[in-house]
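The values are calculated or read from the model by the stated rules, or taken from the named source; none is laboratory data. All figures in this text were calculated on a predicted structure; none of them were measured in a lab. A quick note on method: Cβ atoms are made from the backbone with ideal geometry, for glycine too, and the neighbour counts reach across all protein chains shown. Accessible surface areas use protein heavy atoms only, side chains included; no ligands, DNA or RNA. Shrake-Rupley method; radii C 1.70, N 1.55, O 1.52, S 1.80 Å.
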Amino acid sequence: MFPSELATGVCSLNPHVDRLVQSCLMEVNRHGDVVRHELHDGVIHSRARMTYTAVNGIVGTKDPALRETWRELVPTFELMLELFEVLNGRRRRRGSIDFDLPEAEVQVDADGAISGIIAAERNVAHRIIEEFMLLANETVAAHLEQAGMPALYRVHEAPDPVRVLEFDDFVSSLGVRLDAPADGVHPRHFQQLVDRIKGTPEERPIASLMLRTMQKARYAPENLGHFGLAAPSYTHFTSPIRRYPDLVVHRA
């Protein structure tokens with residue numbers, strides 16, 4: 001991970017300052033397919049700092065005051081929401097697993113001591129940005145592979161058949177089944193199970209065990225695909241948490 005001085009400094013898109021960037025420009029059709037893409041070095045000069053809360057208020061809860069404050073940008077945010085729905089629908093159709101479970105957020109007091117742990121907010125604005133980053137990462141990974149360039153891929157291999165059987169034995173005791181052969185399981189089977197248990201008391205424990213059944217994602221110089229995303233190619237191009245291995249992709 002980058003030091004905070006870098007991550008929140010020259011590596012952060014702060015308002016009213018120039019930042020050197022690498023951009024993936026994509027043209028996406030109504031089916032969510034990337035029909036054309038370009039990779040460019042460039043400069044971004046951010047005019048304002050938007051927050052997930054504000055964007056959720058604009059396109060999620062439709063807050064009148066926020067929509068008036070940002071009225072010039074409302075059509076852009078609404079187009080982003082429309083694109084998110086197209087991309088998310090495409091990813092779900094191919095079988096990508098989407099747990100959509102809240103993550104823990106650690107609260108720290110003025111002295112640096114932990115004061116509490118709460119469920120982190122995850123609204124439609126978070127999901128929009130996540131979907132855009134996933135598409136950029138997939139597009140860049142496919143571009144690098146097709147160009148035959150050395151790179152680091154973010155790979156996620158299929159789960160061990162023994163662990164799949166153990167998982168299926170456990171969830172069957174709760175009245176549900178994976179309904180898939182252990183040695184031929186597809187991410188779609190897991191996603192269908194996630195859909196079946198959504199909103200039930202068993203959702204959290206089953207989803208947690210499902211995550212432990214999976215292999216851990218890792219970096220590799222070979223493209224082995226990403227099982228959880230049902231993606232043939234995946235890398236970390238967007239680098240939201242600014243890891244050093246992602247620089248290999250940027251340099252490629």
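I need every pair where a residue in segment 189-217 that is over 17 Å from Asp160 (Cα atoms) has its Cβ under 8 Å from the Cβ of a residue that is among the polar types (S, T, N, Q) and surrounded by 13 or more Cβ atoms within 10 Å (Cβ to Cβ), sequence separation at least 6 or different chains.
Listed pairs, sorted by first residue: Gln191/Ser96.
Only residues in segment 133-157 that are in contact (Cβ under 8 Å) with a residue 60 or more places away in the chain and of a type in the set (Phe, Trp, Tyr) count as the first member; pair them with residues that are assigned to a helix (DSSP H, G or I) and open to solvent by less than 20 Å² (accessible area, probe 1.4 Å), Cβ under 8 angstrom, at least 6 apart or cross-chain, and list the lot.
Hits for this filter: Tyr153/Ala141.
Just to be sure I understand, how many residues within segment 169-193 are open to solvent by 70 Å² or more (accessible area, probe 1.4 Å) and in a helix (DSSP H, G or I)?
Residues flagged as open to solvent by 70 Å² or more (accessible area, probe 1.4 Å) and in a helix (DSSP H, G or I) within segment 169-193 amount to 5.
Scan segment 1-56 for residues that are part of a loop (DSSP other than H, G, I, E, B), of a type in the set (A, V, I, L, M, F, W, C) and free of Cβ contacts under 8 Å to residues at least 60 places away in the same chain and report the count. Before the answer, list the steps.
Filtering segment 1-56 for residues part of a loop (DSSP other than H, G, I, E, B) gives 1-3, 8-17, 29-33, 46-51.
Applying the additional criterion that residues be of a type in the set (A, V, I, L, M, F, W, C) yields 1-2, 10-11, 13, 17, 48, 50.
Within this subset, residues satisfying the condition of being free of Cβ contacts under 8 Å to residues at least 60 places away in the same chain are 10, 13, 17, 48, 50.
Total satisfying the criteria: 5.
What are the residues in segment 57-96 that are part of a helix (DSSP H, G or I) and of a type in the set (Asp, Glu), if any?
Pass one, segment 57-96, residues part of a helix (DSSP H, G or I): 57-60, 64-69, 74-93.
Within segment 57-96, Glu68, Glu78, Glu82, Glu85 qualify.
So that you can scan it fast, the table gives a plain yes or no per residue for (1) under 16 Å from the mean Cα position of the chain (by Cα); (2) at positive phi; (3) modelled with pLDDT of 90 or more:
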{"residue": "Ile44", "(1), (2), (3)": "no, no, yes"}
{"residue": "Gly89", "(1), (2), (3)": "yes, no, yes"}
{"residue": "Gly95", "(1), (2), (3)": "yes, yes, yes"}
{"residue": "Arg122", "(1), (2), (3)": "yes, no, no"}
